[in-house]
Amino acid sequence: MKNTTLQKFFIVDFPRYSLLGFLLCVIAAMYLYPGGIYHYELGIREACAEVCTKEGHHTKGYLFFKNFLSDLGRTISHGGHNNFHSSLLFNMALSFACLTYIIFFSFIKNLFPGKTIAKIGSLFGVCGALSLLGVALTPADLYLKPHIIANHWIFRFFLLSTIIYSWLIYQEDRVDNKYLIGNIIFIISLVTYILILIWGPMPTEPGGLEIQAVAQKIIMFNFVGSIFIQTMAFNKMLKN
């Protein structure tokens with residue numbers, strides 16, 4: 001009984017609290033972001049002079065459709081301002097999310113005893129969680145290349161993990177397959193976003209910044225929703 005209670009906390013309750021804390025920290029970080037977007041730092045005067053002068057250095061605060069989530073973790077904003085408070089909150093959110101999902105994926109494999117594929121799914125999940133920490137430890141203004149690598153692998157690792165656990169849930173008699181709907185939407189969104197990262201318009205191209213920034217946020221909301229639905233499915237399994 002004690003073991004089941006512990007499992008329920010780390011598989012169901014703790015991830016939900018963590019998601020709420022993550023969202024609150026990110027929203028607060030957006031509120032505290034001093035301003036500046038990707039275009040200004042690049043100084044693309046010929047291709048987007050108007051955007052660079054009017055919507056780069058002189059932007060105020062966080063622009064939902066023009067700022068990346070990673071902008072929140074920069075030590076210095078694109079507009080040249082100190083970004084200490086925003087980066088502190090954002091990187092705290094990523095670091096705590098990393099810890100949460102290492103614990104989460106370490107526990108959920110135990111719901112599928114004897115299945116090696118569950119361990120593989122958890123391994124991918126833990127790697128995705130470590131990639132979150134990688135983004136936190138590599139602010140884009142200081143370590144751009146490793147930051148991009150960590151950011152890209154978050155989605156690849158979580159895609160593999162979600163596919164594996166979706167298959168396991170599909171085969172599981174203790175839970176209704178209706179809980180797979182969230183995972184399927186998340187998988188489709190992840191594949192779409194990965195394709196956008198590879199073949200989509202660059203932020204330097206017309207409309208590219210908006211497409212990349214909005215797609216990233218859609219993935220974030222889908223990720224939160226997917227994990228919440230998974231906790232519902234695993235909670236059902238623990239009760240049966």
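Would you check which residues across the stretch 130-148 are under 25 Å from Trp199 (Cα atoms), in contact (Cβ under 8 Å) with a residue 12 or more places away in the chain and of a type outside the set (Asp, Glu) and list them?
Filtering the stretch 130-148 for residues under 25 Å from Trp199 (Cα atoms) gives 131-132, 134-135, 138-141, 143-148.
Within this subset, residues satisfying the condition of being in contact (Cβ under 8 Å) with a residue 12 or more places away in the chain are 131-132, 134-135, 138-141, 146-147.
Within the stretch 130-148, Ser131, Leu132, Gly134, Val135, Thr138, Pro139, Ala140, Pro146, His147 qualify.
Yes or no: the stretch 217-225 includes at least one residue that is open to solvent by 70 Å² or more (accessible area, probe 1.4 Å) and touching a Gly at 6+ places or on another chain (Cβ under 9 Å). Break it down stepwise before answering.
Looking only at the stretch 217-225, we keep the residues that are open to solvent by 70 Å² or more (accessible area, probe 1.4 Å), and these are 218, 221.
When the remaining residues are screened for being touching a Gly at 6+ places or on another chain (Cβ under 9 Å), the result is none.
No.
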Report summary line: Subset of the stretch 25-75, residues open to solvent by 50 Å² or more (accessible area, probe 1.4 Å), at pLDDT 50 or above and part of a helix (DSSP H, G or I), comes to Ile27, Tyr31, Leu32, Tyr38
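Restricting to the stretch 76-99, give me the number of residues that are more than 28 Å from Asp13 (Cα to Cα) and either assigned to a helix (DSSP H, G or I) or open to solvent by 50 Å² or more (accessible area, probe 1.4 Å) (or both).
Summing the residues that are more than 28 Å from Asp13 (Cα to Cα) and either assigned to a helix (DSSP H, G or I) or open to solvent by 50 Å² or more (accessible area, probe 1.4 Å) (or both) in the stretch 76-99 gives 6.
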**Report entry** Test: residue in the stretch 61-83 that is farther than 25 Å from Glu210 by Cα, aromatic (Phe, Trp, Tyr) and more than 17 Å from the chain's Cα centre (by Cα)
**Finding:** no
Requested in this report: State all residues of the stretch 140-172 that are open to solvent by less than 60 Å² (accessible area, probe 1.4 Å) and farther than 22 Å from Ile219 by Cβ; if no residue qualifies, say none.
Outcome: Asp141, Leu168, Glu172
Report task. Could you list, in sequence order, all residues of the stretch 194-208 that are open to solvent by less than 30 Å² (accessible area, probe 1.4 Å) and either under 17 Å from the mean Cα position of the chain (by Cα) or modelled with pLDDT of 85 or more (or both)? Result -> Ile194
Query - Residues of the stretch 173-193 satisfying the condition of being surrounded by fewer than 19 Cβ atoms within 10 Å (Cβ to Cβ) and touching a residue at least 40 places away in the same chain (Cβ under 8 Å) - result: Arg174, Asp176, Ile181, Ile185
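Of all residues in the stretch 103-139, count the ones that are among the aliphatic types (A, V, I, L, M), within 14 Å of the chain's Cα centre (by Cα) and open to solvent by less than 60 Å² (accessible area, probe 1.4 Å).
6
The values are calculated or read from the model by the stated rules, or taken from the named source; none is laboratory data. Small disclaimer: the values here were computed from a predicted structure and weren't measured. Every residue, glycine among them, receives a Cβ derived from its backbone with ideal geometry; neighbour counts consider all protein chains shown. Side chains included, ligands, DNA and RNA excluded: accessible areas come from the protein's heavy atoms. Shrake-Rupley method; radii C 1.70, N 1.55, O 1.52, S 1.80 Å.
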